[in-house]
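Below: the structure, in structure tokens.
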Amino acid sequence: MLSAVTAAIGLWQWAEPSALAWPWLIAGIGLSSIALLRPLLLNPAYRAWMKFGHGLGVVNTYVLLAIVFFVLITPLALFFRLIGRDALNRKFTQSRSYWVKQDKAWSAESFKNQF
């Protein structure tokens with residue numbers, strides 16, 4: 001994949017008059033040659049790339065989700081608490097059952113294609 005990306009960058013640079021095209025093309029051809037002839041030589045690069053990908057995964061899961069939680073969800077929850085909205089109907093009462101009575105008559109056809 002890396003050889004295809006470097007070759008594509010080289011071809012893109014070659015389409016425009018630039019001196020930077022040849023190093024990219026040579027890198028792409030060289031990496032393709034190594035991948036075809038001696039793939040085990042690329043094992044250290046593969047391991048480094050996988051560690052980099054794991055690091056990006058950690059950033060995505062922990063940092064970005066924490067930012068979303070504290071920037072979006074927490075203020076929204078505080079606002080709902082401030083105005084007294086209880087979307088999940090969590091208020092406890094002393095009733096015998098928490099079953100919500102439905103006044104609609106259900107037929108067998110209403111359970112087909114529910115979505």
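The values are calculated or read from the model by the stated rules, or taken from the named source; none is laboratory data. Keep in mind the model is a prediction, meaning the values are calculated, not measured. Neighbour counts run over all protein chains shown; Cβ positions are idealised from the backbone, glycine included. We work out accessible area using only protein heavy atoms, side chains counted, and drop any ligands, DNA or RNA first. Shrake-Rupley method; radii C 1.70, N 1.55, O 1.52, S 1.80 Å.
Just need a number here: residues in region 25-56 that are part of a helix (DSSP H, G or I) and open to solvent by 100 Å² or more (accessible area, probe 1.4 Å).
Of the residues in that region, 12 qualify.
Only one of these conditions is not met by residue 72: (1) more than 18 Å from the chain's Cα centre (by Cα); (2) open to solvent by 90 Å² or more (accessible area, probe 1.4 Å); (3) not basic (Lys, Arg). Which number is it?
It fails just one condition, (1).
Output the residue which, of all residues in region 15-24 that are among the hydrophobic types (A, V, I, L, M, F, W, C) and in a helix (DSSP H, G or I), is nearest to residue 4 (Cα to Cα). Please lay out each step first, then the result.
Of region 15-24, the ones among the hydrophobic types (A, V, I, L, M, F, W, C) are 15, 19-22, 24.
From the residues that got through so far, the ones that are in a helix (DSSP H, G or I) too are 15, 21-22, 24.
Values: 15: 16, 21: 14, 22: 14, 24: 10 Å.
Within region 15-24, the match that is nearest to residue 4 (Cα to Cα) is 24.
Given the criteria assigned to a helix (DSSP H, G or I) and in contact (Cβ under 8 Å) with a residue 12 or more places away in the chain, does residue 77 qualify?
When the stated conditions are applied, residue 77 does not pass them.
Quick one: is residue 78 at pLDDT 85 or above and within 30 Å of residue 2 (Cα to Cα)?
no
Can you tell me how many residues within region 84-111 are open to solvent by less than 100 Å² (accessible area, probe 1.4 Å) and either out of contact with any helix residue (DSSP H, G or I) (no Cβ under 9 Å at 6 or more places or on another chain) or on the phi > 0 side of the Ramachandran plot (or both)?
Quick first cut of region 84-111, residues open to solvent by less than 100 Å² (accessible area, probe 1.4 Å) only: 84, 86-87, 93, 95, 97, 100, 105, 107-108, 110.
Next cut, either out of contact with any helix residue (DSSP H, G or I) (no Cβ under 9 Å at 6 or more places or on another chain) or on the phi > 0 side of the Ramachandran plot (or both) only: 84, 93, 95, 97, 100, 105, 107-108, 110.
Matching residues across region 84-111 total 9.
Before we move on, is residue 59 under 30 Å from residue 7 (Cβ atoms) and either touching a residue at least 60 places away in the same chain (Cβ under 8 Å) or assigned to a helix (DSSP H, G or I) (or both)?
yes
Report yes if some residue within region 82-90 is in a helix (DSSP H, G or I) and over 22 Å from the mean Cα position of the chain (by Cα); otherwise report no.
Yes, there is a match, as at least one residue in region 82-90 is in a helix (DSSP H, G or I) and over 22 Å from the mean Cα position of the chain (by Cα).
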